[in-house]
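Below is one structure; the comments refer to it alone.
The values are calculated or read from the model by the stated rules, or taken from the named source; none is laboratory data. Nothing here was measured: the structure is a model prediction, and the numbers come from that model. Counting neighbours? That spans all protein chains shown, and the Cβs are built from the backbone with ideal geometry, glycine included. Remember, those area values only see protein heavy atoms, side chains included, never the ligands or the DNA or RNA. Shrake-Rupley method; radii C 1.70, N 1.55, O 1.52, S 1.80 Å.
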Amino acid sequence: MIFYFSATGNSRWVAIQLAAKTRERLINITDALKGDCTYPLSEDESIGFIFPVHGWRTPKIIDQFIARLTIDISDRNSKKGIKPYCFVLLTAGDEIGQTLNYLHKDIKHNSSLNALYIQEVDAAFNIIMPESYIGLPGMNIDTTENQQKKYNNAKLQLQSIAEAIIKRQKGHFSLVKGPTPWLYSKVLGGIFKHVLVTDKYFKVDVNKCIRCGICTNVCPVHNIEGGHGKTPTWKHNQQCLTCFACFHHCPKHAIDWGKMTQNKGQYFFK
């Protein structure tokens, strides 16, 4: 099975493509968190995670999900003691830093995965997808040309990744960690986590807003009060991921995050 999280659609597209090639079942983490996060694991079934890198670390929603995840192995009695294959596919607009280290920390704290002898993933993959983070100066979406180049490269990579997963290959493949991954994840990632992951800067231009409710519907953590016919407001409940799904999906470009996103482009996988 493949657990995936996606805000602007990149990871969702990757997950759908990979599931079709590997014939693995797909589970949306956003939906999973509404339940008890318990899933049966049948014989020969693998465990996969697909999600975008946030601030060179795992998104907060991934930390929350893995903390609650329980794998039911009652259907694996005939293969008791055999470790299932486990992989991760990270999507990012550029470098991933040490995101894999943070994922392994989450896994090591999950007793259900540890009971299956999983403390780290067997295989890690990385696909560069169009940029969607626009919360810092100088950071903007890719040009249409660069988006298409990334799509084309991703399609080629997905084929080889699917083959590796089907063959249960182990190792780290094509990880773009960047020149200073420790600096990215530890230092800059810490700033992201403690300063930049917040909804307190979001605002809506009421003169542009058509109260369509799209921003409320696309928020993966249900952090926006609103809906059709209502002006959106953010809940300030510490759940915001600053994924900018609301910003990118707004049909009238009526949402901004302080001054950082003014005059910047919108992107989501259509």
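Among the residues of the stretch 210-233, those that are under 20 Å from Lys34 (Cα atoms) and either at pLDDT below 95 or outside any helix (DSSP H, G or I) (or both) comprise Cys219, Pro220, Val221, His222, Asn223, Ile224, Glu225, Gly226, Gly227.
For the stretch 53-62, state whether one or more residues are open to solvent by 40 Å² or more (accessible area, probe 1.4 Å) and among the small types (Gly, Ala, Ser). Within the stretch 53-62, not a single residue is open to solvent by 40 Å² or more (accessible area, probe 1.4 Å) and among the small types (Gly, Ala, Ser).
Within the stretch 12-38, being touching a helix residue (DSSP H, G or I) at 6+ places or on another chain (Cβ under 9 Å), among the aliphatic types (A, V, I, L, M) and touching a residue at least 24 places away in the same chain (Cβ under 8 Å) holds for Val14, Leu18, Leu26, Ile29, Ala32, Leu33. Screening Ile118, Ile141, Ile107 for residues that are closer than 17 Å to Pro84 by Cα and touching a residue at least 60 places away in the same chain (Cβ under 8 Å) leaves exactly one candidate, Ile118.
For the stretch 215-230, the set of residues classified as out of contact with any helix residue (DSSP H, G or I) (no Cβ under 6 Å at 6 or more places or on another chain) and either more than 14 Å from Ile255 (Cα to Cα) or open to solvent by 50 Å² or more (accessible area, probe 1.4 Å) (or both) consists of Asn217, Val221, His222, Asn223, Glu225, His228, Gly229, Lys230, listed by residue number.
Would you be able to say whether some residue in the stretch 120-127 is open to solvent by 20 Å² or more (accessible area, probe 1.4 Å), closer than 27 Å to Leu183 by Cβ, of a type outside the set (Val, Ile, Thr) and modelled with pLDDT of 95 or more?
If we filter the stretch 120-127 for residues that are open to solvent by 20 Å² or more (accessible area, probe 1.4 Å), which is where we start, we get 120, 122.
Then keep just the ones that are closer than 27 Å to Leu183 by Cβ; that gives 120.
Imposing the further condition that a residue be of a type outside the set (Val, Ile, Thr) reduces the set to 120.
Next, from what is left, pick out any that are modelled with pLDDT of 95 or more: 120.
Yes, the stretch 120-127 contains a residue that is open to solvent by 20 Å² or more (accessible area, probe 1.4 Å), closer than 27 Å to Leu183 by Cβ, of a type outside the set (Val, Ile, Thr) and modelled with pLDDT of 95 or more.
Screening Phe247 on (1) touching a strand residue (DSSP E or B) at 6+ places or on another chain (Cβ under 7 Å); (2) over 20 Å from Asn140 (Cβ atoms); (3) surrounded by 15 or more Cβ atoms within 10 Å (Cβ to Cβ) shows it passes everything except condition (2).
Every residue in the stretch 172-201 that is in a helix (DSSP H, G or I), within 12 Å of Asn101 (Cβ to Cβ) and not aromatic (Phe, Trp, Tyr), please. Break it down into steps so the answer makes sense when it comes.
Of the stretch 172-201, the ones in a helix (DSSP H, G or I) are 181-196.
Imposing the further condition that a residue be within 12 Å of Asn101 (Cβ to Cβ) reduces the set to 181-182, 184-186, 189.
Pro181, Ser185, Lys186, Gly189 - these are the residues of the stretch 172-201 that are in a helix (DSSP H, G or I), within 12 Å of Asn101 (Cβ to Cβ) and not aromatic (Phe, Trp, Tyr).
You will find that of Leu156, Leu183, the residue that is modelled with pLDDT of 95 or more, out of contact with any Asp or Glu (no Cβ under 6 Å at 6 or more places or on another chain), loosely packed, with under 13 Cβ neighbours inside 10 Å and aliphatic (A, V, I, L, M) is Leu156 and no other.
Only one residue in Gly97, Gly48, Gly9 is farther than 20 Å from Phe192 by Cβ and either without any contact (Cβ under 8 Å) to a residue 24 or more places away in the chain or surrounded by 23 or more Cβ atoms within 10 Å (Cβ to Cβ) (or both). Which one?
On the way: Gly97 fails: farther than 20 Å from Phe192 by Cβ; Gly9 fails: either without any contact (Cβ under 8 Å) to a residue 24 or more places away in the chain or surrounded by 23 or more Cβ atoms within 10 Å (Cβ to Cβ) (or both).
One residue alone meets the criteria, Gly48.
Here Asp36 clears all of (1) touching a Lys or Arg at 6+ places or on another chain (Cβ under 7 Å); (2) open to solvent by 40 Å² or more (accessible area, probe 1.4 Å) except the condition numbered (1). Note on the stretch 194-214: among residues that are over 24 Å from Lys270 (Cα atoms) and open to solvent by 90 Å² or more (accessible area, probe 1.4 Å), the one that is farthest from the chain's Cα centre (by Cα) is Asn207.
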